[in-house]
Amino acid sequence: MQPTPGINYALRRKASQSSTYHSKYAASQAVDGEENTFTATKKQNNAYWSVDLGKAVNVKQINIINRKDCCGKWLKNIAVTVGQNLNSMKHCSKFKGPGKNGQVIELTCKSPIAGRYVKILRSGKGILGLAEVQVIGNTGKPLIPAKPKGKIVKPAKPKGINYALRRKASQSSTYHSKYAASQAVDGEENTFSATKTKQCILECNRLKDIAVTVGLNFHKMEHCSKFKGPGKNGQVIELTCKSPIAGRYVKILRSGKGILSLAEVQVIGHTGKKLIAGKPKGKAVKPPKPKGQQCIMNRKGANYGGNISKTRSGRTCQAWGVQTPQKHKFSKKLADQKNYCRNPDNEPHGPWCYTTDAKKRWEYCAIPYCSMYYIEFFFLTLDKLIPLTKADPYNN
């Protein structure tokens, strides 16, 4: 069977894949026009291959030519997506498989999709191998606009200074080095941050169940605003604090299990005189008293704010504000945390405390996880006190 005739916009275009089994199975082998050269990823979860067409094309059909010599069965559980960028893809078609040696799979989009990128995704664990990929379509008018019209795509310039720009940022985990936390504050909307999760099938609706907090330090964060979501591709979410909050740190938390991914974050405020200096006073910045939270809501328990004050062996925790019997460096930082278990230095095994037993300096606390519930977060350091009025997390 020969592929349907038409212009192949993928031919000799730039291609990439999630991993490469061997250098001779590079992603470019699927767009070299030769059916006797092949691509192959490593055996992995959700392997993918993608191609940059170089310009927007009305994509009508994708032809996948399977290897003739062997390994045809590798081609299964396939989904093909098309989009203007790799983070804004629309579903075109799918192929359940498994494929056969030498098979030509013609996948037709329900209606033409305008896009510069085509991605072939193999869900589940296995190798994605391709002999040749052809992308059939046209570049005539009308092309679907690269960016949909409407408020959610072109945000108004923020009315104020963006204090987050190029500041130090961190996140609870990093999916890949190219999705570092710093990508959300680099001023570029086409770079992205992303945390890890165990599984993400095609559409993740990643920006949802969001809470934004502001504080003078990591352990003294106050609620600014929230966003239920899920977000839309390219959407700009403006989150305004009920009243300005003076703080050095801004945190974006995604509750539940999943990936937290951001294109850009802007923090709008001012550094005028009405800043809270030294120890925060008043309700606006004073952290709420622990409400008896008895479980850990993130992997290391760094956000734990409960009132458990016993170690795993049953020892009583020493108050953070005192230096007897154990001398330590956290007296000022955690003076108002009584003798509750905390994790101020981000220990990998969760909250801990110094003990009142002179023979045992410190121990971890016995705090369970909240029914497999945790929070992924993006954390920003501003390096100065800023009364925050608005935070704009851009969804990718």
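The values are calculated or read from the model by the stated rules, or taken from the named source; none is laboratory data. Predicted model only: the values in this text are computed from it and were never measured. No Cβ is skipped: glycine too gets one built from the backbone with ideal geometry, and neighbour counts run over all protein chains shown.
If you check S313, S309, which single one turns out to be more than 22 Å from L216 (Cβ to Cβ), out of contact with any Ser or Thr (no Cβ under 8 Å at 6 or more places or on another chain) and among the hydroxyl-bearing types (S, T, Y)? Don't jump to the end; show me each part of the working.
On the way: S309 fails: out of contact with any Ser or Thr (no Cβ under 8 Å at 6 or more places or on another chain).
Exactly one of S313, S309 is more than 22 Å from L216 (Cβ to Cβ), out of contact with any Ser or Thr (no Cβ under 8 Å at 6 or more places or on another chain) and among the hydroxyl-bearing types (S, T, Y), namely S313.
Looking only at the range 95-119, count how many residues are closer than 25 Å to A56 by Cβ and either within 31 Å of the chain's Cα centre (by Cα) or not acidic (D, E) (or both). Walk me through how you get there before you give the answer.
Quick first cut of the range 95-119, residues closer than 25 Å to A56 by Cβ only: 95, 105-119.
Right, trim to either within 31 Å of the chain's Cα centre (by Cα) or not acidic (D, E) (or both) and you get 95, 105, 107-119.
Of the residues in that region, 15 qualify.
How many residues does the range 39-76 contain that are touching a helix residue (DSSP H, G or I) at 6+ places or on another chain (Cβ under 8 Å) and under 17 Å from I7 (Cβ atoms)?
1
State whether one or more residues within the range 79-91 are under 19 Å from L53 (Cβ atoms) and not in a strand (DSSP E or B). Before you say what the answer is, go through the steps one by one.
Narrowing the range 79-91 to residues under 19 Å from L53 (Cβ atoms): 79-91.
Cutting the leftovers down to not in a strand (DSSP E or B) gives us 86-87.
Yes, the range 79-91 contains a residue that is under 19 Å from L53 (Cβ atoms) and not in a strand (DSSP E or B).
Quick test of your reading of the structure: T37 fulfils all but one of (1) outside any strand (DSSP E or B); (2) crowded, with 20+ Cβ neighbours inside 10 Å; (3) not aromatic (F, W, Y). Name the failing condition by number.
(2)
List pairs: first in the range 221-242 and over 26 Å from Q337 (Cβ atoms), second assigned to a strand (DSSP E or B) and of a type in the set (K, R), Cβ under 8 Å, 6+ apart or cross-chain?
Short answer, once both residue conditions are applied: E238/K390; L239/K226; L239/K390; T240/K390.
May I ask you to say which residue of S16, S28 is of a type outside the set (A, V, I, L, M) and under 26 Å from the mean Cα position of the chain (by Cα)? Write out each step before concluding.
On the way: S28 fails: under 26 Å from the mean Cα position of the chain (by Cα).
Checking each option against the conditions leaves just S16.
Starting from residues that are over 15 Å from H219 (Cα atoms) and assigned to a loop (DSSP other than H, G, I, E, B), keep the ones in the range 330-355 and report whichever is nearest to the chain's Cα centre (by Cα).
The extreme case among them is P348.
Whether any residue in the range 285-303 is over 27 Å from G350 (Cβ atoms), surrounded by fewer than 21 Cβ atoms within 10 Å (Cβ to Cβ) and either at pLDDT 70 or above or not β-branched (V, I, T) (or both) is what I want to check.
Checked against the condition, which is being over 27 Å from G350 (Cβ atoms), surrounded by fewer than 21 Cβ atoms within 10 Å (Cβ to Cβ) and either at pLDDT 70 or above or not β-branched (V, I, T) (or both), the range 285-303 yields no hits at all.
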